[in-house]
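Shown next, in structure tokens, is the structure this report addresses.
The values are calculated or read from the model by the stated rules, or taken from the named source; none is laboratory data. No experiment lies behind these values; they were computed from the predicted model shown. Quick reminder, even Gly has a Cβ in these numbers, built from the backbone with ideal geometry, and neighbours come from all protein chains shown.
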């Protein structure tokens with residue numbers, strides 16, 4: 001298979017530029033000497049960071065709110081100490097100590113998230129897992145690998161590629177995200193339509209509970225030995241413990257890769273084509289449907305050529321058998337033509353594939369003073385167009401008043417539904433920091449409220465963080481209480497990412513019912 005040059009298209013300098021932004025030098029709470037001494041004894045003195053300069057990079061992830069606050073000189077939440085363990089045993093010792101002292105703990109991977117999940121809002125200890133970066137084993141018989149949580153996604157993929165293998169979890173953040181971060185956020189990659197999201201790649205996990213116990217979940221995900229606990233930790237965003245390693249599926253690199261592109265008169269026709277492709281069992285590696293606005297703006301930038309403002313569907317097919325790959329691409333093309341799709345050939349999809357990582361990094365990545373962010377929601381096919389229309393309609397007044405530019409597309413397709421990924425940008429926001437933040441929060445809340453009301457689930461793969469946390473109980477309904485009780489059982493002292501996922505406090509339902517009982521007693 002021809003080498004995938006897109007993985008190498010983002011330079012080390014570009015990666016550094018997006019991950020090293022200026023941070024204000026606000027005072028840091030002095031950590032007591034005894035705690036620091038204990039931590040140094042656990043991991044060695046070089047693995048414990050305490051100076052303001054050392055702590056500065058851990059004050060924010062890639063959430064716009066943090067970046068804007070840093071640029072405005074606003075104080076940011078920082079950890080009191082950063083610890084860099086090299087083993088699950090060391091993580092266990094850190095958590096035992098933190099649990100005994102009731103010190104907040106936040107796990108840290110690559111800091112590449114965009115929801116604020118990695119921010120140490122209450123100070124305490126940040127556990128930087130990037131020294132846990134070993135690939136413990138590669139099993140070509142079972143086609144699995146055991147990889148530690150601090151391993152950079154790109155490093156893992158390169159190591160597999162040298163053996164003719166691939167992980168097939170290839171997110172846009174692969175250059176800066178760790179395996180553990182992808183697991184904790186329940187992330188997705190650009191070829192998830194064929195291979196699944198991160199949770200579909202994992203057989204088992206090694207994790208450390210908040211009280212310090214090291215556990216290993218069931219060795220295989222298909223069993224009837226009770227609930228599948230591996231999935232409990234995937235997407236938990238550090239609230240239930242620290243993921244330290246994972247046994248994951250690997251594959252041979254594909255022998256064939258083909259591209260197809262179509263335009264449609266109506267977005268609904270393109271959505272119908274994508275649905276038919278999925279429900280009939282075809283599996284493009286990647287499939288992206290752009291509406292008129294995003295085709296003319298975002299897609300044209302990605303493929304470096306003029307694109308007509310028409311709904312546009314890009315498809316990438318790959319596999320180990322060239323004949324089957326051609327057959328699959330041909331069947332998908334027939335489906336597109338059946339709903340009056342116009343065949344553009346392979347070039348637009350090929351150009352997108354070759355440049356699929358570039359525009360997430362400088363010089364294409366947005367910069368201040370611009371406001372930017374994404375809303376990624378997921379729903380079944382019956383609700384897909386309704387969610388799209390509801391979100392666009394709700395944001396239209398903000399577009400007129402504040403110049404909000406909305407560029408949505410559908411990607412990450414499933415046999416039952418699809419994800420809607422909406423980029424939002426304001427190129428000329430208010431100069432006043434507080435007003436800019438208010439505008440950011442307004443468009444984000446407006447989009448989420450509209451999507452939730454139309455029947456969507458509010459996040460497909462970026463995670464909850466601080467942005468979606470206010471919606472957790474409303475989204476989960478009665479099942480949120482189950483999650484809250486699990487948190488309470490595993491983390492009785494609420495040390496792990498307190499407040500994240502809206503956990504660590506009594507639920508609204510419990511507070512309301514308690515108030516009702518007190519009123520009735522009176």
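Things to note:
- Scan of the range 365-375 for residues that are under 14 Å from residue 422 (Cα atoms) and surrounded by fewer than 21 Cβ atoms within 10 Å (Cβ to Cβ), ordered by number: 372, 374
- Residue list for the range 456-493, filter: surrounded by fewer than 20 Cβ atoms within 10 Å (Cβ to Cβ) and part of a loop (DSSP other than H, G, I, E, B): 466, 477, 478, 492, 493
- Contacts under 7 angstrom Cβ, first residue in the range 477-490 being under 23 Å from residue 456 (Cβ atoms), partner assigned to a helix (DSSP H, G or I), 6 or more apart: 480/472; 480/473; 481/509; 483/476
- Scanning the range 206-219 for residues that are loosely packed, with under 14 Cβ neighbours inside 10 Å and over 21 Å from residue 134 (Cβ atoms) gives a single hit, 213.
- For the range 500-518, the count of residues that are at pLDDT 90 or above, touching a strand residue (DSSP E or B) at 6+ places or on another chain (Cβ under 8 Å) and not assigned by TED's automatic domain parsing to the domain that holds residue 231 is zero.
- Residue within the range 62-73 that is under 18 Å from residue 104 (Cβ atoms), exposed (fewer than 14 other Cβ atoms within 10 Å of the Cβ), assigned by TED's automatic domain parsing to the domain that holds residue 123 and at pLDDT 90 or above present: no
- Looking across 232, 258, 203, one residue alone is touching a residue at least 40 places away in the same chain (Cβ under 8 Å) and either farther than 28 Å from residue 282 by Cβ or in a helix (DSSP H, G or I) (or both). It is 232.
Okay, residues lined up against (1) assigned by TED's automatic domain parsing to the domain that holds residue 434; (2) assigned to a loop (DSSP other than H, G, I, E, B); (3) within 21 Å of the chain's Cα centre (by Cα):
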| residue | (1), (2), (3) |
| --- | --- |
| 76 | no, yes, no |
| 99 | no, no, no |
| 116 | no, yes, yes |
| 137 | no, no, no |
| 159 | no, no, no |
| 172 | no, yes, yes |
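- Unmet criterion (only one of (1) outside any loop (DSSP other than H, G, I, E, B); (2) free of Cβ contacts under 8 Å to residues at least 40 places away in the same chain; (3) over 23 Å from residue 386 (Cα atoms)) for residue 445: (3)
- Selection within the range 254-268 - surrounded by 19 or more Cβ atoms within 10 Å (Cβ to Cβ) and within 18 Å of residue 419 (Cα to Cα): 267
- Residues of the range 279-309 that turn out to be assigned to a loop (DSSP other than H, G, I, E, B), within 19 Å of residue 340 (Cβ to Cβ), at pLDDT 95 or above and in contact with a strand residue (DSSP E or B) (Cβ under 8 Å, 6 or more places away or on another chain), as a count: 1
- Any pair with Cβ under 6 angstrom, 6 or more apart, that starts in the range 454-471 at a residue that is under 15 Å from residue 197 (Cβ atoms) and ends at one that is in a loop (DSSP other than H, G, I, E, B) and at pLDDT 95 or above: 461/187; 461/188; 463/237
- Considering the range 422-440, and only residues there that are assigned to a loop (DSSP other than H, G, I, E, B) and out of contact with any helix residue (DSSP H, G or I) (no Cβ under 7 Å at 6 or more places or on another chain), the residue that is nearest to residue 385 (Cα to Cα) turns out to be 427.
- Filter result for residue 163 (surrounded by fewer than 21 Cβ atoms within 10 Å (Cβ to Cβ) and either modelled with pLDDT under 95 or not assigned by TED's automatic domain parsing to the domain that holds residue 243 (or both)): no
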